[in-house]
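One structure is given below, encoded as structure tokens.
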Amino acid sequence: MFDLTGMTALVTGASGGIGSAIARGLAGQGARLALSGSNPDKLTAFQAELGGDHVALACDLGDGAAVDGLVPRAVEALGKLDVLVNNAGVTRDNLLMRMKDEEWDQVIRVNLEAAFRLARAAAKPMMKARFGRIISITSVVGATGNPGQANYAASKGALTAMTKAMAQELASRGITANCVAPGFIQSAMTDVLPEAQKSALLGRIPAGALGQGSDVAAAVVYLASREAGYVTGQTLHVNGGMAML
């Protein structure tokens, strides 16, 4: 079950914490990957670590022209594109009254506009093949909001709504569009938090623990699979019960 042998996938932000876990999960189930990220050296190192015949495609998601060219590059390298995982994202946190225009613009450009451009490009070969999976990584704060993250919450909430619209447009062509919304996932950032802050954080999570990248990856693998063909326009929340939506 959930065997992805013979399938291909483009994963953005593939060398990051959650992104690398997603890439490992998809590759572990047999998919061949186009790994994308903004840091060529980090991306190449991860490609070598992952092994196999996966390809590395560096791309600045803040550059619209570069984004528009990424899916055609992936199709050329892989021969086809079955799965798009919009994972890459940035934060530029600030309180509403202090948030600069460029802090708003950069987050929307990378988190939302790039995902739109990639989905638009990916829909063309997927429609021709009458099969496809578009999966976007959102966030619990896209549903609940979070102080100091008006830009980030807006980008993730809009990505969820956009996914629902895409799902309705593309369903008749065998293409699904879904989101995975992580809660608090263990990372280098959470590892250095003071113990008091960690305890307060865990107190908000009924499961009593932070999530792992592999938890998010498992959700992506399911939604990418052939078995998930009747699931579209949905958001799979992976948050340990922190927000029961």
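The values are calculated or read from the model by the stated rules, or taken from the named source; none is laboratory data. Predicted model only: the values in this text are computed from it and were never measured. Don't worry about glycine lacking a Cβ; one is built from the backbone with ideal geometry, like all the others, and counts go over all protein chains shown. Note: areas computed on protein heavy atoms with side chains; ligands, DNA, RNA excluded. Shrake-Rupley method; radii C 1.70, N 1.55, O 1.52, S 1.80 Å.
A few comments on the model shown:
- When A21 is tested against (1) under 20 Å from S225 (Cα atoms); (2) touching a strand residue (DSSP E or B) at 6+ places or on another chain (Cβ under 6 Å), exactly one condition is not met: (2).
- Scanning region 165-178 for residues that are charged (D, E, K, R) and either over 16 Å from Y230 (Cβ atoms) or part of a loop (DSSP other than H, G, I, E, B) (or both) returns a single hit, E169.
- Selection of region 26-55 for residues being among the small types (G, A, S), over 16 Å from the mean Cα position of the chain (by Cα) and over 15 Å from L84 (Cα atoms) yields G28, G30, A45, A48, G51, G52.
- Verdict on D60 being touching a strand residue (DSSP E or B) at 6+ places or on another chain (Cβ under 7 Å), open to solvent by 60 Å² or more (accessible area, probe 1.4 Å) and part of a loop (DSSP other than H, G, I, E, B): no
- Every test in (1) part of a helix (DSSP H, G or I); (2) surrounded by fewer than 18 Cβ atoms within 10 Å (Cβ to Cβ); (3) modelled with pLDDT under 95; (4) not charged (D, E, K, R) is passed by A66 save one, and that test is (3).
- Residue that is at pLDDT 95 or above and surrounded by fewer than 19 Cβ atoms within 10 Å (Cβ to Cβ), where the choices are Q186, Q168: Q168
- In summary, P206 fulfils each of the numbered conditions (1) within 28 Å of G6 (Cβ to Cβ); (2) not in a strand (DSSP E or B); (3) not hydroxyl-bearing (S, T, Y) with the single exception of condition (1).
- The requirement of being in contact with a strand residue (DSSP E or B) (Cβ under 8 Å, 6 or more places away or on another chain), farther than 22 Å from G16 by Cα and assigned to a loop (DSSP other than H, G, I, E, B) is satisfied by L245.
- A34 being closer than 20 Å to G174 by Cβ, part of a strand (DSSP E or B) and not aromatic (F, W, Y): no
- Restricted to region 72-151, the set of helices (runs of 4 or more DSSP H) holding at least 2 residues that are modelled with pLDDT of 95 or more and open to solvent by less than 10 Å² (accessible area, probe 1.4 Å) comprises 114-129.
- Meets criteria (out of contact with any strand residue (DSSP E or B) (no Cβ under 7 Å at 6 or more places or on another chain) and either open to solvent by less than 10 Å² (accessible area, probe 1.4 Å) or at pLDDT below 95 (or both)) for N178: no
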